[in-house]
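*Asks:* Here it is: the structure, laid out below.
The values are calculated or read from the model by the stated rules, or taken from the named source; none is laboratory data. Treat the numbers as computed from the prediction; the structure is a model and nothing was measured. We place every Cβ from the backbone using ideal geometry, glycine too, and count neighbours over all the protein chains shown. The protein model used for the area step is the full one, side chains on, heavy atoms only, and it has no ligands, DNA or RNA in it. Shrake-Rupley method; radii C 1.70, N 1.55, O 1.52, S 1.80 Å.
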Amino acid sequence: MAGPAFSNPISIKDIAKAAGVSHSTVSRALANSPLVASETKQRIQRIAREMGYTPSAIARGLVTKRTATVGLVVTTIADPFIAEVAQGIEETALDNGYNVILCNSSAEPEREVACARALREKRVDAIIVTSSRVGSLYVPLLEELGVPIVLINNQHEGDYVYSVRTDNLTGGRLAGEYLLSLGHRYVAYIAGPPGAHSSKERLEGCRAALREHGLDIPDDWVAPGDGRTGGGQAGVDFLLRRSPQPTAIFCYNDMTAIGALQAIKRAGLRVPDDFSLVGYDDIAFAAFVDPPLTTIAQDKYTLGQRAMDLALELLNGQEEAGDIVLTPYLVERASCAPTSPGVSRG
C-alpha cells in the first residue's frame, strides 16, 4: 500500500518567481523591512498568503540565531504545583511567539544539569528550571551554556542572580501567626525533601512567629518528609510517637498535608478536632479534601509568568533584571480550629 503523498512546501523562490522580484526582496517583504516599498511589500505578502506559504522556523533561526524555543526543566510534571507553574510559563511563551520544550529531572541534581545541557544542544534560547537542586552552581554553567537561565523556587542554599521565588520565611511566619491566633502553643512541622532550602525557610518562619511569644517547635517535633503524600503519612506516624503530642501540624506543602490528613484519619483521629493542619502551595486538590485544607498560597501561575517574562527580558539584553520575590498569603478553610492555650496531649 502506497504511503500518503505530501506536497512540496512553498518556498521564497516560488514567491519570487510569481511576484517577478528577487529572492532578497521577498525575504525583506516577509520580514516587513522598511527597505521595500509599501505597495510592493503588500503585493508580495498577498501572493505569499494565496500560495499558502509557511515560514520555516529553521531558516528563520539561521538568520536570527534564535529558535524561539525555551527549555523547561521540572522535577516531575505529575506534581500539581509544577503543572500550574508550567501553564504560566507556556501561555506567556506562546503570547510572545515562543514554544516550550519540557525535560524531567526527577529532582536529581546530576540529571538536572544533564537536562539543561541537553536542552542547550537543542538550541533553546533560554532555560527555566523549577525547584532547582543545583541552584547557584548554574553560575559557572552560564558561560558554558551561553543562554539565560532562570530558576523558580530554587532549592539550593545560596543566591542566584536570575530567579523568581516566593518568600518562604514570610509564608512560614503566616502559618505560625495563624495557629497562634487560634490558641495553639504546641505546633509540629513535617519537613520537605532532605536538603530543600525552602523547607528550612518555612520552618524558620514559623519558628520566628512562635518565638515572639516565648514558644518554639522542638527538634523532636520536626518530622522528616519528602514533599509527597507518603512523607506526610510517615510524618504523622513519627509525631504520634512523641510525648507529649502537638495540637497543630504545619506541613511543607499541600501534598504532605494531604498525606498527613490520611494518616490522622487512619489512626482514628480527626482534623481539626484532634489536630489542626496547615499546608503550603494551595494546589487545586487542597479545596476538595475532607476537610478542605487551610494553606499558605503561592501564586503558581504568576511564578511561571514572571519567570518567562524575566527570560525574555534577558534575551532582549536587560541584564539588570534580577531576583523577583512574590509574597504568599493565607487561605483559610476548615482544617484548623481554635484550641485552649496551654492544652497539650500526653
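*Asks:* From the list L145, L203, L182, pick out the single residue that is without any contact (Cβ under 8 Å) to a residue 60 or more places away in the chain, farther than 12 Å from F250 by Cα and among the aliphatic types (A, V, I, L, M). Break it down into steps so the answer makes sense when it comes.
*Replies:* On the way: L203 fails: farther than 12 Å from F250 by Cα; L182 fails: without any contact (Cβ under 8 Å) to a residue 60 or more places away in the chain.
Criteria check complete, one pass: L145.
*Asks:* Give me the pairs, please: first residue somewhere in segment 268-281 and of a type in the set (V, I, T), second residue anywhere and in a strand (DSSP E or B), beta-carbon distance under 6 Å, and either six or more positions apart or on two chains.
*Replies:* Filtered contacts from segment 268-281: V271/L277; V278/F250; V278/T294.
*Asks:* Applying the selection to segment 309-325, what residues are buried (at least 17 other Cβ atoms within 10 Å of the Cβ) and closer than 30 Å to L182 by Cβ?
*Replies:* Result: no residue meets the conditions.
*Asks:* Among the residues of segment 125-156, how many are within 15 Å of H197 (Cα to Cα), touching a strand residue (DSSP E or B) at 6+ places or on another chain (Cβ under 9 Å) and assigned to a loop (DSSP other than H, G, I, E, B)?
*Replies:* Number of matching residues: 5.
*Asks:* Still on this structure, please answer the following. Restricting attention to segment 54-65, does a residue exist that is open to solvent by 20 Å² or more (accessible area, probe 1.4 Å) and either at pLDDT 90 or above or touching a helix residue (DSSP H, G or I) at 6+ places or on another chain (Cβ under 6 Å) (or both)? Can you show your working first?
*Replies:* We begin by selecting, within segment 54-65, every residue open to solvent by 20 Å² or more (accessible area, probe 1.4 Å); these are 54-60, 62-65.
Now narrow it down to the ones that are either at pLDDT 90 or above or touching a helix residue (DSSP H, G or I) at 6+ places or on another chain (Cβ under 6 Å) (or both): none.
Taking every residue of segment 54-65 in turn, none turns out to be open to solvent by 20 Å² or more (accessible area, probe 1.4 Å) and either at pLDDT 90 or above or touching a helix residue (DSSP H, G or I) at 6+ places or on another chain (Cβ under 6 Å) (or both).
*Asks:* Give A93, A86, A18, A118 a once-over and let me know the one that is under 30 Å from D226 (Cβ atoms), in a helix (DSSP H, G or I), among the small types (G, A, S) and in contact with a helix residue (DSSP H, G or I) (Cβ under 7 Å, 6 or more places away or on another chain).
*Replies:* Working: A93 fails: under 30 Å from D226 (Cβ atoms); A18 fails: under 30 Å from D226 (Cβ atoms); A118 fails: in contact with a helix residue (DSSP H, G or I) (Cβ under 7 Å, 6 or more places away or on another chain).
The match here is A86.
*Asks:* On to the next question. Determine whether P291 is surrounded by fewer than 15 Cβ atoms within 10 Å (Cβ to Cβ), assigned to a loop (DSSP other than H, G, I, E, B) and not β-branched (V, I, T).
*Replies:* no
*Asks:* Applying the selection to segment 225-254, what residues are farther than 23 Å from L180 by Cα and either among the polar types (S, T, N, Q) or within 27 Å of the chain's Cα centre (by Cα) (or both)?
*Replies:* G225, D226, G227, R228, T229, G230, G231, Q233, A234
*Asks:* Can you name the condition, by its number, that F285 falls short on among (1) open to solvent by 10 Å² or more (accessible area, probe 1.4 Å); (2) in contact with a strand residue (DSSP E or B) (Cβ under 8 Å, 6 or more places away or on another chain); (3) outside any loop (DSSP other than H, G, I, E, B)?
*Replies:* Condition not satisfied by F285: (2).
*Asks:* Please list, ordered by first then second residue, the pairs with beta carbon atoms under 8 Å, 6 or more apart or interchain, first in segment 100-115 and part of a helix (DSSP H, G or I), second open to solvent by less than 50 Å² (accessible area, probe 1.4 Å) and not β-branched (V, I, T).
*Replies:* Pairs found: R111/S105; E112/S105; E112/S132; V113/L141; C115/G71; C115/C103; C115/S105.
*Asks:* Let me ask another. Only residues in segment 240-261 that are within 25 Å of D79 (Cβ to Cβ) and in contact (Cβ under 8 Å) with a residue 60 or more places away in the chain count as the first member; pair them with residues that are among the β-branched types (V, I, T) and open to solvent by 10 Å² or more (accessible area, probe 1.4 Å), Cβ under 7 angstrom, at least 6 apart or cross-chain, and list the lot.
*Replies:* Within 7 Å, the pairs are M255/T229; L261/V271; L261/V289.
*Asks:* Looking at S24, S7, which one is exposed (fewer than 15 other Cβ atoms within 10 Å of the Cβ), assigned to a helix (DSSP H, G or I) and at pLDDT below 85? Talk me through it step by step, then tell me what you get.
*Replies:* Numbers: S7 fails: assigned to a helix (DSSP H, G or I).
Exactly one of S24, S7 is exposed (fewer than 15 other Cβ atoms within 10 Å of the Cβ), assigned to a helix (DSSP H, G or I) and at pLDDT below 85, namely S24.
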